[in-house]
Amino acid sequence: MLNKNDYVLNIVDVCKSYSDQNNKINILNNINLSLFKSEILAIIGSSGSGKSTLLHIIGLLDLPDSGSIIINGLDTANFSRSEIDRIHNYSISFMYQFHHLLSEFNVLDNVALPIIIRDNSYEKARQLAENLLEKLGLRGKEKKSPCELSGGERQRVALARSLITKPNCVIADEPTGNLDKKNSMVMFDYFLEMKNEYGTSFIIATHDLELASKANIRMCLEYGNLSFI
Ligand SMILES: Nc1ncnc2c1ncn2[C@@H]1O[C@H](COP(=O)(O)OP(=O)(O)O)[C@@H](O)[C@H]1O
Ligand SMILES: [Mg+2]
């Protein structure tokens, strides 16, 4: 039986608009959503519908015009920079569409980086990174540069980097956008494994209806409104 404490996040009445010279364009109109531990939510919607905007707001990378983002029961509205950093270090990880791996670092250090920064511990960070890379089928790639990897491998490195802090929730913006069908399914299988093993929740923006069909919950963002499908 789930209870209130199992909520990972609640989004309450979130609105966001952008203005150009003449017009105000509403991107998000009173968005509400709740996510429990171990849930996988897929958000579909055409290009430009506001998926990335919503994900950035949920991930505390951007601010809404109004509304609340409640993470682990805490309203983040008045969080300081260091409290937001703490959420990013411990609770919520963002997995970018174009993975944003650092080409100056090898695969192992790309994955280890969040723990190196958080705990200032190279040994522990590299050990955790090595274990995670092995789990995600990337053993033997540790010393390679991200540029030497295939698209699917890079996405898995990005996933490893977003999981190394054992976050409650991974927010993934079109994580399979650059992958073929087979690699997309492999990626989703890893999401499932993490959900089952660690209780991780996922919010995934995707164009891929087959991928969305495998999520626990599916919602569609259209004309600023989020609805169940
Ligand atoms: N910083 C910004 N300034 C002005 N308009 C923006 C900005 N970011 C996004 N938009 C606009 O908001 C809309 C939604 O964009 P986005 O959230 O990236 O959609 P999606 O991820 O669904 O493709 C688009 O029309 C986009 O042009
Ligand atoms: Mg987008």
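Would you check if residue 87 is under 16 Å from the mean Cα position of the chain (by Cα), more than 16 Å from ligand 1 (Cβ to nearest atom) and open to solvent by less than 50 Å² (accessible area, probe 1.4 Å)? Give the steps one after another, and end with the answer.
Working: under 16 Å from the mean Cα position of the chain (by Cα): yes; more than 16 Å from ligand 1 (Cβ to nearest atom): yes; open to solvent by less than 50 Å² (accessible area, probe 1.4 Å): yes.
Yes.
Kindly evaluate residue 155 against the criterion of being within 24 Å of residue 62 (Cα to Cα), in contact with a strand residue (DSSP E or B) (Cβ under 9 Å, 6 or more places away or on another chain) and crowded, with 21+ Cβ neighbours inside 10 Å.
yes
Matching residues to (1) in contact (Cβ under 8 Å) with a residue 12 or more places away in the chain; (2) at positive phi:
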{"site": "13", "(1), (2)": "yes, yes"}
{"site": "22", "(1), (2)": "no, no"}
{"site": "47", "(1), (2)": "yes, no"}
{"site": "78", "(1), (2)": "no, no"}
{"site": "89", "(1), (2)": "yes, no"}
{"site": "95", "(1), (2)": "yes, no"}
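So, of the residues in the range 215-227 that are within 13 Å of residue 39 (Cβ to Cβ) and in a loop (DSSP other than H, G, I, E, B), which turns out to be farthest from ligand 1 (Cβ to nearest atom)?
Of all residues in the range 215-227, those within 13 Å of residue 39 (Cβ to Cβ) come to 215-219.
Pick out the ones that are also in a loop (DSSP other than H, G, I, E, B) and you get 215-216.
Values: 215: 17, 216: 21 Å.
Here the residue is 216.
For the range 27-57, enumerate the residues that are exposed (fewer than 15 other Cβ atoms within 10 Å of the Cβ) and either among the charged types (D, E, K, R) or more than 17 Å from residue 212 (Cβ to Cβ) (or both).
Going residue by residue through the range 27-57, those that are exposed (fewer than 15 other Cβ atoms within 10 Å of the Cβ) are 30, 32, 34, 46-48.
Of everything in the range 27-57, those that are exposed (fewer than 15 other Cβ atoms within 10 Å of the Cβ) and either among the charged types (D, E, K, R) or more than 17 Å from residue 212 (Cβ to Cβ) (or both) turn out to be 30, 32, 34, 48.
Which residues, counting only those in the range 183-213, are away from ligand 2 (no atom under 16 Å from the Cβ), under 19 Å from residue 97 (Cβ atoms) and open to solvent by 10 Å² or more (accessible area, probe 1.4 Å)?
Across the range 183-213, the qualifying residues are 183, 185, 186, 190, 209, 210.
Could you list all residues from the range 199-213 that are under 15 Å from the mean Cα position of the chain (by Cα) and over 15 Å from residue 173 (Cβ atoms)?
The answer is 199, 200, 201.
Go through the range 29-85 and give me each residue that's touching a helix residue (DSSP H, G or I) at 6+ places or on another chain (Cβ under 6 Å), in a loop (DSSP other than H, G, I, E, B) and either more than 16 Å from ligand 2 (Cβ to nearest atom) or more than 16 Å from residue 96 (Cα to Cα) (or both).
37, 38, 45, 60, 64
List the number of the failed condition for residue 137; all other conditions in (1) surrounded by 13 or more Cβ atoms within 10 Å (Cβ to Cβ); (2) farther than 23 Å from residue 201 by Cβ hold.
Evaluating residue 137 over (1) surrounded by 13 or more Cβ atoms within 10 Å (Cβ to Cβ); (2) farther than 23 Å from residue 201 by Cβ leaves (2) as the failure.
Whether any residue in the range 117-126 is modelled with pLDDT of 95 or more and among the aliphatic types (A, V, I, L, M) is what I want to check.
yes
Return the residues of the range 159-182 that are open to solvent by 40 Å² or more (accessible area, probe 1.4 Å) and either in contact (Cβ under 8 Å) with a residue 40 or more places away in the chain or within 16 Å of ligand 2 (Cβ to nearest atom) (or both); say none if nothing qualifies. Quick ask: steps written out before the conclusion?
As a first pass, look at the range 159-182 and keep what is open to solvent by 40 Å² or more (accessible area, probe 1.4 Å): 161, 166, 168, 177-178, 180-182.
Answer for the range 159-182, where residues must be open to solvent by 40 Å² or more (accessible area, probe 1.4 Å) and either in contact (Cβ under 8 Å) with a residue 40 or more places away in the chain or within 16 Å of ligand 2 (Cβ to nearest atom) (or both): 161, 168, 177, 178.
Where residues in the range 117-130 are closer than 20 Å to residue 154 by Cα and more than 20 Å from the chain's Cα centre (by Cα), which of them is surrounded by the most Cβ atoms within 10 Å (Cβ to Cβ)?
Let us first name the residues in the range 117-130 that are closer than 20 Å to residue 154 by Cα, namely 125-130.
Okay, now just the ones that are also more than 20 Å from the chain's Cα centre (by Cα), so 125-127, 130.
Numbers: 125: 22, 126: 17, 127: 13, 130: 16.
If we take residues in the range 117-130 being closer than 20 Å to residue 154 by Cα and more than 20 Å from the chain's Cα centre (by Cα), then 125 is surrounded by the most Cβ atoms within 10 Å (Cβ to Cβ).
(1) surrounded by fewer than 16 Cβ atoms within 10 Å (Cβ to Cβ); (2) more than 30 Å from residue 179 (Cα to Cα): which one isn't true of residue 71, the others all being true?
(1)
Give the residues of the range 169-214 that are in a helix (DSSP H, G or I) and of a type in the set (S, T, N, Q), sorted by residue number.
Answer for the range 169-214, where residues must be in a helix (DSSP H, G or I) and of a type in the set (S, T, N, Q): 183, 184, 196, 213.
The values are calculated or read from the model by the stated rules, or taken from the named source; none is laboratory data. Please read these numbers as outputs of a predicted model, since none were measured by experiment. Neighbour counts run over all protein chains shown; Cβ positions are idealised from the backbone, glycine included. Only protein heavy atoms, including side chains, enter the accessible area calculation; ligands, DNA and RNA are left aside. Shrake-Rupley method; radii C 1.70, N 1.55, O 1.52, S 1.80 Å.
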